[in-house]
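Read-outs throughout are calculated quantities, based only on the coordinates presented, and are distinct from any laboratory measurement. Please read these numbers as outputs of a predicted model, since none were measured by experiment. Backbone-built Cβ (ideal geometry, glycine too); neighbour counts: all protein chains shown.
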Ligand SMILES: NC(=O)c1ccc[n+]([C@@H]2O[C@H](COP(=O)([O-])OP(=O)(O)OC[C@H]3O[C@@H](n4cnc5c(N)ncnc54)[C@H](OP(=O)(O)O)[C@@H]3O)[C@@H](O)[C@H]2O)c1
């Protein structure tokens, strides 16, 4: 029997960590794409305790750096012939203007450009698997603002709009995958996991301010165990969630600019040009 392989970005904290712990018994092998190898190794020990049979590989991947994304995809392609399920989960929030090493606004680089490139590099392996599944952890934050040019290097920084646009990008990525690959059997889902009490955004402000803000918002957040359920459901029920937006597990319509086809086309075409790619 062919080994079933799950690949996940951002498994070392929050929703990704919660999801991979639940899914540790559903796959034969997991590829943990981490920027921090120490955290990856600690997670590996925990997962081995949950399932001693699970094969676990840690792949160094910093999604904010295009060269790191290419290198990790190369490492994976050299070692594995297929990936059954790819979960694009990693993401971050920055409250101040920051640039990636490649000169892009950091949230757009980490939350969208890196995952787009990774998906492009790995999709041949996904299409070689029996399962053919991609889950994109997007966010209801896509509603915050429509896409605006210049897409990747905005002249004015706004933390809220910048985060929202990077997550709108992930929603467009999921829609694009569905449009171009579903007829060949790919099942893609974009997931909004709800408001989940994780580490997101905490390292972007001082620890005391981060803790204060999160304490204020705490009544609105759900636990990681609760918050990762929509990601796990999407993985476990690929046909139910194929080609849809899952809002905390409920299939939901995509509103406003989230379903603007022309805007998506412009943005995806600009992405392909920026990354020197001919197609997703
Ligand atoms: N929490 C929410 O309320 C919420 C709501 C809607 C959507 N989301 C989305 O859920 C996803 C997971 O976020 P979370 O809330 O679980 O946050 P989190 O606890 O901060 O976890 C984020 C994960 O992404 C990884 N990551 C961050 N920057 C990276 C980079 N440059 N390269 C590679 N990995 C990187 C982190 O690695 P380290 O462990 O090394 O930091 C961590 O494993 C994100 O896409 C986020 O936008 C979250």
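What to note about this one:
- Fraction of the pair-distance distribution of the chain above 23 Å, Cα-Cα pairs, percent: 50
- With a simple spin-label model that places each label point 7 Å from the Cα along the Cα-to-Cβ direction, the separation between residue 202 and residue 279 comes to 4.3 nm.
- Of 90, 242, 252, the residue with the greatest mean-square motion in the GNM of the chain, using alpha carbon springs below 10 Å, is 252.
- In percent, rounded to a whole number, the relative contact order of segment 5-274 is 19, using alpha-carbon pairs under 8 Å and six or more apart.
- Ascending count of other beta-carbon atoms within 10 Å, so fewest first, for 87, 268: 268, 87
- Residue order for 254, 137, fewest other beta carbons within 10 angstrom first, comes to 254, 137.
- Here the calculated FRET efficiency for residue 256 and residue 222, from their Cβ-Cβ distance with R0 = 22 Å, stands at 0.35, rounded to the nearest 0.05.
- With neighbour counts taken as other beta-carbon atoms within 10 Å, the residues 95, 244, 69, 251 rank, fewest first, as 251, 95, 244, 69.
- Alpha-carbon geometry of segment 124-241: the Rg and the Dmax are 16.8, 50 Å, given in that order.
- Taking every DSSP beta bridge that has both ends in the chain, the antiparallel portion is near 10%.
- Long-range Cα-Cα pairs in segment 138-178 (distance over 15 Å), rounded percent: 35
- Highest-MSF residue in the chain out of 135, 126, 22 [GNM, Cα springs under 10 Å]: 22
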